[in-house]
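Nothing in this text is a laboratory measurement; each read-out follows from the coordinates by a stated rule. Note that the structure is a prediction, hence the values are computed from the model and not measured. Backbone-built Cβ (ideal geometry, glycine too); neighbour counts: all protein chains shown.
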Amino acid sequence: MKRPWALPLLAALCLTAGAAVAQPVVTYSKTGAKFSDVRDDLKTAIESKGFVIDYQSHIGTMLERTGKDVGSSKKLYEDAQALQFCSAQLSRKMMEADPANVVMCPYTLVVWATADRPDRVFVAYRRPMRQGQGVSTASRAALREVDALLDGLAREAVGHK
């Protein structure tokens, strides 16, 4: 039995389901700013919540240094850095909900400005989310708390409260 309506319906359902999924990367920007000011505002936002920045990755410097080794002379960034930290409370909560959530730690926020537009500084993070069967309600709730923390810190750094 042919159902000519089935294929369009299936396509519509797939598109609707895809739209409901949260974007995996959240990005905010601030125009008319200096990279160092936004980076320092991000550091302050993290540290003012009592967190310790465990690692600061100098991504832009690394790409600049290694460009010639990979056959590229294009300057991509004015600067780009990633700041990593953790929350003992939120991390424990998300890992007690599901030990596989260890993959979400440490939390990382990235700040960058491109070489061709150094006056527009971006702050971004990857959403801590897991999809599919077997992800508990408690796990999803804990990951939403981490997402809210990262979102608040990123917004604070660019002045979007």
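Table for the structure above
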read-out: Cα-projected label distance for L76 with H58, points at 7 Å along beta-carbon direction, nm; value: 1.7
read-out: Rounded to 10°, Cα long-axis angle of helix 88-97 versus longest principal axis of the chain; value: 20
read-out: Globularity ratio of segment 53-126, using Cα Rg and 2.2 N^0.38 Å; value: 1.42
read-out: Crossing angle, helix 35-48 versus the chain [Cα axis fit, 0-90 degrees, rounded to tens]; value: 70
read-out: Within-14-Å neighbourhood charge of A22 [Cβ basis; K, R +1; D, E -1]; value: +3
read-out: Gyration tensor over alpha-carbon atoms, the chain, equivalent ellipsoid semi-axes in Å; value: 33, 24, 16
read-out: Over segment 104-161: Kirkwood hydrodynamic radius from C-alpha pairwise inverse distances, Å; value: 13.0
